[in-house]
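The values are calculated or read from the model by the stated rules, or taken from the named source; none is laboratory data. All figures in this text were calculated on a predicted structure; none of them were measured in a lab. Counting neighbours? That spans all protein chains shown, and the Cβs are built from the backbone with ideal geometry, glycine included. We work out accessible area using only protein heavy atoms, side chains counted, and drop any ligands, DNA or RNA first. Shrake-Rupley method; radii C 1.70, N 1.55, O 1.52, S 1.80 Å.
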Amino acid sequence: MSDSGFFNTHRTWEDWCGMLLGAVIVVSPWFPIQDQAIAGHQTAILNTVAIGLVVFGISQLEYVALQRWQEVTTILVGLWLIASPYALGYSGEGFLRIYHTSLGAVVVLLGVLQLWQDWDSNDQDLLKHGQ
């Protein structure tokens, strides 16, 4: 692998990966392996759907018009997904806590990777993304 710029260039597959992550986050309360029924936790469900839609929407925006604020927002939303089981009181739900912690960590890592790739890019370079 002589391509030393693999981690230095923002690629469109990363945006598609973010869209897929957003969709997975939206459906995560209904994953088949759950300790208890999630039906009684409406706040957790609404929070998860909102986070998933935000991740999906930001990834779509990155695909169309790349800007640094999108990556920072992705990192913050991923951190909230990690913290939300504890902040909203469903940390005892076992698999749902594991899902949200894992998915949040992947969202944060993807946001950090994209921010690192675009850190030194000027506005003209960011506009060329996806072309």
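Looking across the stretch 91-131, the residues that are assigned to a loop (DSSP other than H, G, I, E, B) and either at pLDDT 75 or above or at positive phi (or both) come down to Gly94, Gly130.
Residue by residue, here is whether (1) closer than 19 Å to Phe95 by Cα; (2) at pLDDT below 90 holds:
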residue	(1), (2)
Pro32	yes, yes
Ala37	yes, yes
Ala44	yes, yes
Asn47	yes, no
Gly57	no, no
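Being surrounded by fewer than 17 Cβ atoms within 10 Å (Cβ to Cβ) and touching a Gly at 6+ places or on another chain (Cβ under 8 Å) is the filter; apply it to the stretch 1-23 and report the residue that is modelled with the highest pLDDT. Looking at residues that are surrounded by fewer than 17 Cβ atoms within 10 Å (Cβ to Cβ) and touching a Gly at 6+ places or on another chain (Cβ under 8 Å), I get Ala23. Close Cβ contacts (under 8 Å, 6 or more residues apart or on different chains) running from residues in the stretch 96-115 that are free of Cβ contacts under 8 Å to residues at least 40 places away in the same chain to residues that are not in a helix (DSSP H, G or I) comprise Arg97/Tyr90. Among the residues making up the stretch 59-68, a single one is open to solvent by less than 80 Å² (accessible area, probe 1.4 Å) and among the hydroxyl-bearing types (Ser, Thr, Tyr): Ser59.
Do the conditions hold for Glu71, that is, is it at pLDDT below 85, closer than 22 Å to Ala23 by Cα and either assigned to a loop (DSSP other than H, G, I, E, B) or open to solvent by less than 70 Å² (accessible area, probe 1.4 Å) (or both)? When the stated conditions are applied, Glu71 does not pass them. Select from the stretch 90-107 the residues that are open to solvent by less than 60 Å² (accessible area, probe 1.4 Å) and closer than 18 Å to Gln42 by Cβ and list them in ascending order. Residues satisfying the conditions are Tyr90, Ser91, Glu93, Leu96, Tyr99, His100.
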